[in-house]
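The values are calculated or read from the model by the stated rules, or taken from the named source; none is laboratory data. Small disclaimer: the values here were computed from a predicted structure and weren't measured. A quick note on method: Cβ atoms are made from the backbone with ideal geometry, for glycine too, and the neighbour counts reach across all protein chains shown. Side chains included, ligands, DNA and RNA excluded: accessible areas come from the protein's heavy atoms. Shrake-Rupley method; radii C 1.70, N 1.55, O 1.52, S 1.80 Å.
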Amino acid sequence: MADYGILVKHWGKVEADYDGHGSLFMTRLFKKHPNTQKMFPKFADIAQADLASNADVTALGSAVLKKLGEVLKAGGNHATILKPVAKSHAEKLKIPFDKLDDLLIDVAAEIIKEKAELDADGQQALKGMMAVVHADFEATYKELGLIA
């Protein structure tokens, strides 16, 4: 289980600039893993150089970080927050489960670690929180019959 208290203590640094950090999250995701950009039809034809200034890219990245903030502040009572998000990723966006873990969760954790200026304990707590996000998404994907 994640130590949400440690993360909450640092979350204000992320929360202070959801748009800036959200834009950084999405642009870094698309630059590090260019194939993921194609998973988002709305962004598929945006040039790499234009991603950071695209309002829709910023809005999506901001929404992701805000949702992670909700999970964090729920302190373990987050099922009603994550389940609809997981269902949307599975059914509407059709994002393969392995891409969530390998790419999206890892890049989000990287941005949070940097922007929240997490120390070793904070980084460990972040790993715990991301493991919870992973497990909840995995349970939903299994429930939907998309993974074994």
### Message
Can you show me the helix-derived [θ] at 222 nm for the chain, built from DSSP H runs with n ≥ 4 at -39,500 (n - 2.57) apiece and divided by the number of residues, rounded to the nearest 500.
### Response
-20500 deg cm²/dmol
### Query
Can you list the equivalent-ellipsoid semi-axes of segment 12-60, largest first and in whole Å, using the square root of 5 times each Cα gyration tensor eigenvalue?
20, 10, 9
### Residue order for 85, 8 - accessible surface, 1.4 angstrom probe, largest first
8, 85
### Message
Going by average Cβ density within 10 Å per residue, which order do the peptides 30-39, 53-62 take, highest to lowest?
### Response
53-62, 30-39
## Note on the structure
Which of (1) 17.1, 62; (2) 17.4, 48; (3) 14.8, 40 is the computed Rg and Dmax of the Cα atoms in Å? It is (3)
### Dipole of segment 16-116 [Lys/Arg +1, Asp/Glu -1 at C-beta], most positive-end residue of 78, 37, 59
78
### Task
Please state the charge dipole magnitude for segment 54-114, taken about the Cα centre, from unit charges on C-beta atoms (+1 on K and R, -1 on D and E), reported in debye and rounded to the nearest 20.
340 debye
### Query
Quick one: with all protein chains in place, what share of the accessible area of the chain is carbon or sulfur, to the nearest percent (1.4 Å probe)?
53 percent
### Segment residue 143-residue 123, extension gain: residue separation times 0.36 nm, minus the distance between their alpha carbons
4.2 nm
### Query
Of the peptides 63-73, 114-124, how do they stack up when ordered by the mean number of other Cβ atoms within 10 Å, highest first?
63-73, 114-124
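Expressed in nm to one decimal, what extension gain is obtained for the pair residue 93 and residue 59 from 0.36 nm per residue of sequence separation less their Cα-Cα distance?
The residue 93-residue 59 span can extend by a further 10.6 nm.
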### Summary
Taking Cα pairs closer than 8 Å and at least 6 residues apart, the relative contact order of segment 71-148 in percent is 41 percent
